[in-house]
Amino acid sequence: MQAIMKIKEEKGFEIRETPEPAIRHSNEVKLKVDVASICGTDHHMWVYDQWAQKRLPPTIPFIAGHEAGLEVVDIGPDVKNLQIGDKVSMECHEACGTCYQCRSDRMHICSNTKIFGVDRDGIFADYVVIPELNAVKNDNNLDPAIASLQDPLGNAVHTILPKDNVEDIAGKNILITGAGPIGLMAIPVVKMLGAGQVFVTAGGNNLLRLETAKKLGADMVLNAREEGDKIPKIIKDATDGVGVDVLLEMSGNIYALRHGLEALTYGGRVSLLGFFPGSIEFDINSLMISKGAAVYGIAGRRMFQTWQVMKGLLKSKDLQNKLKNNIITHRVNMSDWEKGMIEIHEKRAIKVVMDPFK
């Protein structure tokens, strides 16, 4: 079969012929890739930036990608809950099932996690074989393109609801720092959950994202390049001097984090999803400790609580339409994967969906 692979420790991917995978363990399922989408991780691996250089596994070469809408085409003898023809998405974190975290209901932060498309072969190919546990069954009527977005959508949902406390969102003022695909997906979700005012900040070099944030229902979108250190005051003025109840940090930018913490009300909650390029420095005493802020580090999706929440949210046709019409901006064939990657790199795309090889 054909596959998009990381071949060398340098910039780029290549399309290569590789053996079609087969089920080797009794609990595995073989999946046909209906649709794949390009993740920020894929972009890092393609660019081969500092993060990728540190994270690249010794298993190179490997098949990239981990966001997909898939169909079950074969099952191992011990597979219990899936049948041939089922439509699924993939939880990209493969947990060991035996470590302390896995045995204490924290499988999503398994100490031995392997990630599909990084530590083992991913889904930028015709087929993939994964454990049944990692295949999450979808409504068969769900658009495969939407199904392929559930990995990043799950990041957004986990950031919004780290403990499933909807009352933590309903009626509350929310600040989303960073308007990448995950930050943008968070906007319609918090609106669905009854948020009060929703503020979004983003770098001013990507007008597409700023405009999309408005389309998705943000009450105020602030251009960080133009507003800079005035952002906390602008937000406090819009909230009668109180500030926001919840900060969802999606950017990995130190200035965005500081502005968000300055805008946070006393006793507010912070969810940190964005990865920072290195060590960061800010006044933790005044911005977190004295404020009595509750702080959550967000890793992936809770397995599998977040998936259940997503399944309920995606019953909304309005949410599906917002994702399809605003988040998915480009669609290419896997043979033309580089065109999609360049659109992302040049900031002309939000999410690129890829159809199977011709």
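The values are calculated or read from the model by the stated rules, or taken from the named source; none is laboratory data. Quantities reported herein were computed from a predicted structural model and do not represent experimental measurements. Because the Cβ atoms are built from the backbone with ideal geometry, glycine has one as well, and the counts that use them run over all protein chains shown.
Listed here are the residues, each with its yes/no results for (1) aliphatic (A, V, I, L, M); (2) not assigned by TED's automatic domain parsing to the domain that holds Leu273.
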position: Asn141; (1), (2): no, yes
position: Ala156; (1), (2): yes, yes
position: Ala179; (1), (2): yes, no
position: Ile187; (1), (2): yes, no
position: Leu193; (1), (2): yes, no
position: Gly204; (1), (2): no, no
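Taking each residue of the range 57-76 that is more than 27 Å from Asn141 (Cα to Cα) and looking for partners that are loosely packed, with under 15 Cβ neighbours inside 10 Å with beta-carbon atoms closer than 6 Å, six or more apart or interchain, yields Pro61/Ile7. Filtering the range 83-142 to residues that are surrounded by fewer than 16 Cβ atoms within 10 Å (Cβ to Cβ) and among the polar types (S, T, N, Q) leaves Gln83, Thr98, Ser104, Ser111, Asn112, Asn140, Asn141. For the range 112-162, a residue qualifies if it is among the charged types (D, E, K, R) and free of Cβ contacts under 8 Å to residues at least 24 places away in the same chain, and exactly one does: Lys114.
Let's see how each residue does on (1) in the same structural domain as Asn333 (by TED's automatic domain parsing); (2) out of contact with any helix residue (DSSP H, G or I) (no Cβ under 7 Å at 6 or more places or on another chain); (3) crowded, with 16+ Cβ neighbours inside 10 Å:
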{"site": "Lys8", "(1), (2), (3)": "yes, yes, no"}
{"site": "Arg24", "(1), (2), (3)": "yes, yes, no"}
{"site": "Asn27", "(1), (2), (3)": "yes, no, no"}
{"site": "Asp34", "(1), (2), (3)": "yes, no, yes"}
{"site": "Ile38", "(1), (2), (3)": "yes, no, yes"}
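Of the strands (runs of 3 or more DSSP E) lying entirely inside the range 38-133, those containing at least 3 residues that are under 17 Å from Ala22 (Cα atoms) are 67-75, 127-131.
Ala195 satisfies every condition listed in (1) over 18 Å from Gln305 (Cβ atoms); (2) among the small types (Gly, Ala, Ser); (3) assigned to a helix (DSSP H, G or I) except (3). Screening Ala179 with (1) among the hydrophobic types (A, V, I, L, M, F, W, C); (2) buried (at least 22 other Cβ atoms within 10 Å of the Cβ); (3) over 17 Å from the mean Cα position of the chain (by Cα); (4) assigned to a loop (DSSP other than H, G, I, E, B) gives one miss only, at (3).
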